[in-house]
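Undergrad: Sharing a structure here in structure tokens format.
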Amino acid sequence: GEPLLVASDVRKSYRAGRGTGSARVHAVDGVDLTVAAGETLGVVGESGCGKSTLARMLVGLERPDTGSVRFAGSDLATTRGGRRRELRRAVQMVFQDPLTSLNPRLPVLDLIAEPLDVHRLVRGTAARRDRVAELLHLVGLAPDMMHRFPHEFSGGQRQRIGIARALATEPRVVVCDEPVSALDVSVQAQVVNLLAELQRRLGLALVFIAHDLGVVRHVSHRVAVMYLGRIAEVGSATAVYGQPAHPYTRALLGSVPVRHPSQRGRQRVTLVGDPPSPVAPPPGCRFHTRCPIAQEICRTTEPPTVTGAGGSLAACHFPAG
Ligand code: SF4
Ligand code: MG
């Protein structure tokens with residue numbers, strides 16, 4: 001059947017500055033993506049590539065300008081009534097630092113219970129407390145921590161609390177927007193492993209957003225690589241890491257040599273400079289300003305999406321393999 005979550009040609013732009021004359025940032029500029037039940041999809045790209053905007057659309061926190069995001073067939077932006085509440089429960093988000101947006105004067109008990117209250121999932125204070133204790137246990141925290149306040153926790157603990165809060169409604173999909181980027185390297189693996197374990201135990205579909213392919217390598221079934229508001233390459237983790245087709249993926253992976261279409265032999269792809277501004281993405285292939293194998297056609301003509309040797313889909317005129 002259809003995948004659980006389906007983004008179809010989603011676009012979202014917003015004003016770059018104040019005033020009516022200001023330019024528009026094309027944060028997400030035509031993305032198709034699917035998430036199957038019970039899989040982990042890694043989404044990777046540099047800062048400013050549109051990952052967070054995409055994440056917010058995937059959970060229904062932002063409405064696409066055009067295109068749609070559907071959960072089990074229902075459009076997140078337009079569905080109303082009881083079905084809308086079901087969608088809100090079913091698709092949850094974990095933020096980079098999930099506690100900063102929450103009231104610092106509330107104890108963890110109330111922070112985690114808030115979604116339970118909103119969706120009326122428990123009756124009575126004892127049941128509420130028991131459910132919060134259960135959720136804390138699920139993320140590896142002691143139940144008595146529910147009486148403490150956000151500032152009393154380490155970064156790793158705060159992220160566990162954010163995960164517990166996201167799991168409170170028993171979602172089918174959890175979108176994690178750079179859940180470990182703000183954490184010490186020593187703590188990152190613990191949180192990544194926790195998410196992977198929860199994904200398996202609860203049969204969750206997990207969308208794991210990161211700026212680095214290394215972070216999601218061991219937990220992703222599939223990986224999507226974003227560049228300037230588009231998907232450059234998407235495929236199984238085996239394909240994307242083992243036989244990457246897109247020069248950008250190859251550059252992110254660092255040491256993978258690619259064949260230059262106009263040269264004999266091989267050369268390494270290295271990324272030079274910053275990505276161009278999403279206010280005015282380059283014409284043709286938007287990676288052409290940094291691509292070491294760009295040809296004339298890349299500057300003028302948008303590349304088609306083609307299947308690489310490893311089975312991934314890549315938007316490139318000269319995919320590897
Ligand atoms: Fe590089 Fe051209 Fe492929 Fe774009 S289409 S990634 S510029 S080779
Ligand atoms: Mg971001």
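FYI, it's all coordinate maths here, none of it is from the lab. Computed from a prediction, not measured in an experiment: that's the story for all the values here. Neighbour counts are summed over all protein chains in view; Cβ atoms, including those assigned to glycine, are modelled from backbone coordinates with ideal geometry.
Undergrad: Label residue 24 and residue 36 with points 7 Å out from Cα along Cα→Cβ: what is the distance between them in nm?
TA: Going by the 7 Å Cα→Cβ label model, 3.6 nm.
Undergrad: In the chain, what % of DSSP beta bridges are antiparallel (nearest 5)?
TA: Counting only bridges with both partners in the chain, antiparallel ones make up about 60 percent.
Undergrad: Oh, and also: Along the charge dipole of the chain, which of 163, 251, 59 sits closest to the positive end, that is, farthest toward it, with unit charges on the beta carbon of Lys, Arg, Asp and Glu (+1, +1, -1, -1)?
TA: It is 59.
Undergrad: To continue, here is another question. Counting only other residues whose beta carbon sits under 13 Å from that of residue 237, what net charge do I get with K and R as +1, D and E as -1?
TA: Net charge around residue 237: 0.
Undergrad: Below 11 angstrom from the Cβ of residue 291, what's the summed charge of the other residues (Lys, Arg +1; Asp, Glu -1)?
TA: With Lys, Arg at +1 and Asp, Glu at -1, the net is +4.
Undergrad: Take every Cα pair under 8 Å in the range 107-187 that's 6+ residues apart, average their separations, divide by the length, and report that relative contact order as a whole percent.
TA: Across the range 107-187, relative contact order equals 37 percent.
Undergrad: Pick from 124, 67, 254 the residue whose mean-square fluctuation is largest in a GNM of the chain, springs joining Cα atoms under 10 Å.
TA: Comparing 124, 67, 254 in the GNM, the peak value goes to 124.
Undergrad: Continuing with the same structure: Which residues does the label zone of residue 2 cover in the range 42-78, counting backbone N under 12 Å from a point 7 Å along Cα→Cβ?
TA: 68-76
Undergrad: Can I ask one more? Can you give the Kirkwood hydrodynamic radius for the range 1-123, in Å, rounded to one decimal and based on Cα pairs?
TA: 16.4 Å is the Kirkwood radius here.
Undergrad: Computed FRET efficiency, Cβ-Cβ of residue 123 and residue 302, R0 51 Å: what is it to the nearest 0.05?
TA: According to the calculation, E is roughly 0.40.
Undergrad: Put one equal scatterer on each alpha carbon of the range 5-220, apply the Debye formula with no solvent term, and list log10 I(q)/I(0) at q = 0.13, 0.15, 0.16, 0.18 1/Å to two decimals.
TA: The calculated log intensity ratios at q = 0.13, 0.15, 0.16, 0.18 Å⁻¹ are -0.76, -1.00, -1.12, -1.35.
Undergrad: Between beta-carbons, use under 11 Å as the cut-off and find the net charge around residue 12, counting Lys and Arg +1, Asp and Glu -1. Could the numbers behind the result be given before it?
TA: Details: positive: 11, 24, 56, 63; negative: 29, 62, 65.
Here the count lands on +1.
Undergrad: Ok, one more. Taking the Cα centre as origin and putting +1 on Lys and Arg beta-carbons and -1 on Asp and Glu beta-carbons, what dipole magnitude results for the chain, to the nearest 20 debye?
TA: Once rounded to the nearest 20, the dipole reads 360 debye.
Undergrad: What is the chain's relative contact order, in percent, from Cα pairs under 8 angstrom and six or more apart in sequence?
TA: 20 percent
Undergrad: Regarding the range 135-263, what is the average projected area of its C-alpha convex hull, in nm²?
TA: Answer in nm², one decimal: 9.5.
Undergrad: Have a look at 247, 115, 171 and tell me which one the Gaussian network model of the chain (Cα, springs below 10 Å) gives the largest fluctuation.
TA: Residue with maximal mean-square fluctuation among 247, 115, 171: 115.
Undergrad: Please identify the longest segment of the chain free of exposed trypsin sites (Lys or Arg not before Pro), where exposed means a DSSP state other than H, G, I, E or B and no more than 12 other Cβ atoms within 10 Å. Walk me through the numbers before you get to the answer.
TA: Details: sites that count: 18, 80, 105, 120, 123, 264.
By the stated rule (loop sites, at most 12 other Cβ atoms within 10 Å), 124-263.
Undergrad: Hey, what number do you get for the chain at 222 nm if only DSSP H runs of n ≥ 4 count, each worth -39500 (n - 2.57), divided across all residues, to the nearest 500? Don't skip to the answer; put the middle values down first.
TA: Numbers: 10 runs with 95 residues, N = 321.
Rounded to the nearest 500, the figure is -8500 deg cm²/dmol.
Undergrad: Taking only Cα atoms, what is the 0 to 90° angle, nearest 10, from helix 125-138's long axis to the longest principal axis of the chain?
TA: Tilt of helix 125-138: around 40 degrees.
Undergrad: Here's another thing I want to ask about it. For the chain, modelled as a Gaussian network with Cα springs under 10 Å, which listed residue fluctuates most, 167, 76, 116?
TA: For the chain, modelled as a Gaussian network with Cα springs under 10 Å, the answer is 116.
Undergrad: Binning every alpha carbon pair distance of the range 159-203 at 10 Å from zero, what are the percents per bin?
TA: Bins of 10 Å from zero give 26, 60, 14 percent of pairs.
Undergrad: With the contact rule set at Cα under 8 Å and sequence spacing of 6 or more, what percent relative contact order holds for the range 40-129?
TA: Here the relative contact order equals 15 percent.
Undergrad: What is the gain in length, in nm to one decimal, between residue 201 and residue 15 on full extension, counting 0.36 nm per residue of separation less the C-alpha to C-alpha distance?
TA: Working it through step by step, the gained length comes to 62.8 nm.
Undergrad: What does the charge dipole of the range 1-110 about its Cα centre add up to, to the nearest 20 debye, if the Cβ of each Lys and Arg holds +1 and the Cβ of each Asp and Glu holds -1?
TA: 560 debye
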